[in-house]
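Step one of this worksheet: look at the structure below.
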């Protein structure tokens, strides 16, 4: 079955990579041939005999993540088991007001990108703020923690409150890193 997904035109170069290296990497990791046009349409056929259906779904998430601003090498993390992509639309929280969207994006990124770095460091998730969306890549334990931190910031909580919440979740995240179920 042919699948297609659109990505923003300014991300087409990223998904192809220098000399097609990113496209080749995605094809090698998924086992699925990919074609990308200049308009941002990414097409692949996952109905070929011997194609792993899980790899097809993971490839779809990886392409979506790259289209939403992630570095391709961070996005390939989605090929691992227990790694998920979460896409949150900021318009759902603040509406269509451009100044509010810019304010919330600024709160999520922080001065010099520091807030985004802190969320990534304390949760182990990767975060991308692109356009009107914020995307997270993480495992089943760290992703809900990072999502809640983002929701707190979007809803106007002070940064110190969010950092305190993240610090309070560190023991839980460390236990899950050791492989124990919670």
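We did not get these values from a lab; they are worked out from the coordinates using the rules stated. Not measured: the values here are computed from a predicted model. Heads up, the Cβs are rebuilt from the backbone with ideal geometry, glycines too, and the neighbour counts pull from every protein chain shown.
Efficiency by 1/(1 + (r/R0)^6): what FRET value for residue 37 and residue 89, r their Cβ-Cβ distance, R0 = 22 Å, to the nearest 0.05? FRET efficiency, residue 37 to residue 89: 0.30. Using a Förster distance of 30 Å, how high is the FRET efficiency between residue 74 and residue 168, based on the Cβ-Cβ distance and rounded to 0.05? Between residue 74 and residue 168 the formula returns 0.70.
What does the C-alpha gyration tensor say about the overall shape of the range 115-170? Classify as rounded when a/c is under 1.5, otherwise prolate if a/b is larger than b/c, or oblate. It comes out oblate by the Cα gyration axes. Just so you know, the averaged projected area of the alpha carbon convex hull for the range 74-182 sits at 6.8 nm². For residue 1 and residue 130, a Förster radius of 30 Å and the Cβ-Cβ distance give a FRET efficiency of 0.60, rounded to the nearest 0.05. Using only Cα atoms and rounding to the nearest 10 degrees, what angle (0 to 90) does helix 98-109 make with the longest principal axis of the chain? The angle comes out at about 90 degrees. Taking the centroid of alpha carbons for each part, the range 19-75 and the range 98-142 are 24 Å apart. By the Cα gyration tensor, the range 2-79 has an equivalent ellipsoid whose semi-axes, rounded to whole angstrom, run 18, 13, 11 from largest to smallest. Axis of helix 159-177 versus longest Cα principal axis of the chain: the two differ by about 60°, to the nearest ten degrees. Simple spin-label estimate for residue 151 and residue 55 gives 3.6 nm between the two label positions (7 Å along the Cα-to-Cβ direction from each Cα).
Relative to the longest principal axis of the Cα atoms of the chain, helix 114-123 runs at roughly 80 degrees.
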